[in-house]
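Reviewing the structure listed below.
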Amino acid sequence: MGELRLALLNAAHEATETRRNFRRELDAELTAFHCPSGEFPDDFRYDGFVVTGSRASVYWDREWIGRLKTWVGDAIRAGLPALGVCYGHQLLADVMGGRVSSMGEYEIGYRTVEQDGENRLLEGVGEAMTVFTTHSDHVCEKPPGATVFAKNEYGIHGFRKDRVFAVQFHPEYDMETAESVTVGKSDQLSEERIDAVLEGIHAGNYDAACEAKRLFDNFLAYVEELEAERLDADGGPPEPSR
């Protein structure tokens, strides 16, 4: 079996840093599409896909958001496994019948999220995780049939439905990204709040948060299992198209 091929649906308005972070964490052949610029895959000839974070809200009326929802829904129906992060978590929930709304406040900084220890995405990760968060929307109602496996006082931080996994927090962030994103909220948060978050961005918290990065390898292992099962069923190598 060759290297896994994933479509990276980059929903961030500033694409470079997000693309860099996911390329660093995912040991796979990533084809990146910058969705706000109108870039989308032409087909579903991938082993899986990832939807990134964004400063957008899934309920905004934007052409690119509508196109992204359509592609994601079709890809899920085609059987592609998916991983959503932050905005991607919310978009996957929305597409599958869940509900996303504004929290009326921000959750930002290194926070503790509890996970149930029974989901394969977070296998090998402690049940009380330190993770970096930055969001003002949340999944307020999970998709029908989904299992919630992570949460804190702000709500749902992880769910799974069939071949779809999603997390609200940002396992891909390094300290540089955490700092730049926090400083970028100066138009929405008080100077005191931003300073408090910046004080918490240090090696100790980052090292603790690195444990949750295991979810990337866990997701790839799951995708690899699905691909192996497909090859066994087909009795040979993958076809040129799905």
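The values are calculated or read from the model by the stated rules, or taken from the named source; none is laboratory data. Computed from a predicted structure; not experimentally measured. Cβ: placed from backbone, ideal geometry, glycine included. Neighbour counts: every protein chain shown. Note: areas computed on protein heavy atoms with side chains; ligands, DNA, RNA excluded. Shrake-Rupley method; radii C 1.70, N 1.55, O 1.52, S 1.80 Å.
Just one residue in the set E192, E172 is exposed (fewer than 15 other Cβ atoms within 10 Å of the Cβ), among the charged types (D, E, K, R) and within 19 Å of S136 (Cα to Cα); that residue is E192. Taken over segment 121-142, the criterion of being within 18 Å of L91 (Cβ to Cβ) and either free of Cβ contacts under 8 Å to residues at least 24 places away in the same chain or open to solvent by less than 30 Å² (accessible area, probe 1.4 Å) (or both) is satisfied by L121, T133, T134, H135, D137, V139. In this structure, does E39 turn out to be free of Cβ contacts under 8 Å to residues at least 40 places away in the same chain, touching a strand residue (DSSP E or B) at 6+ places or on another chain (Cβ under 8 Å), open to solvent by 60 Å² or more (accessible area, probe 1.4 Å) and closer than 18 Å to L91 by Cα? Criteria met by E39.
Identify all residues within segment 18-51 that are assigned to a strand (DSSP E or B) and either of a type in the set (D, E, K, R) or modelled with pLDDT under 95 (or both); write none if there are none.
Correct list: E29 only.
Scanning segment 187-203 for residues that are more than 13 Å from F132 (Cβ to Cβ) and not aliphatic (A, V, I, L, M) yields D187, Q188, S190, E191, E192, R193, D195, E199.
Residues that are crowded, with 16+ Cβ neighbours inside 10 Å, among the hydrophobic types (A, V, I, L, M, F, W, C) and over 30 Å from F44 (Cα atoms) are absent from segment 216-235 altogether. Screening R163 against (1) surrounded by 17 or more Cβ atoms within 10 Å (Cβ to Cβ); (2) modelled with pLDDT of 95 or more leaves a single unmet condition, (1).
Whether a residue is open to solvent by less than 30 Å² (accessible area, probe 1.4 Å), in contact with a strand residue (DSSP E or B) (Cβ under 6 Å, 6 or more places away or on another chain), more than 27 Å from D43 (Cα to Cα) and touching a residue at least 12 places away in the same chain (Cβ under 8 Å) was assessed, and M103 does not pass this test.
The requirement of being open to solvent by 40 Å² or more (accessible area, probe 1.4 Å), of a type in the set (G, A, S) and in contact (Cβ under 8 Å) with a residue 12 or more places away in the chain is satisfied by G145.
The lone criterion from (1) within 16 Å of the chain's Cα centre (by Cα); (2) surrounded by fewer than 20 Cβ atoms within 10 Å (Cβ to Cβ); (3) over 17 Å from T52 (Cβ atoms); (4) of a type in the set (V, I, T) left unmet by I156 is number (2).
The set of residues in segment 72-100 that are surrounded by 22 or more Cβ atoms within 10 Å (Cβ to Cβ) and in a helix (DSSP H, G or I) comprises V72, A75, Y87, G88, H89, Q90, L91, L92, A93, V95.
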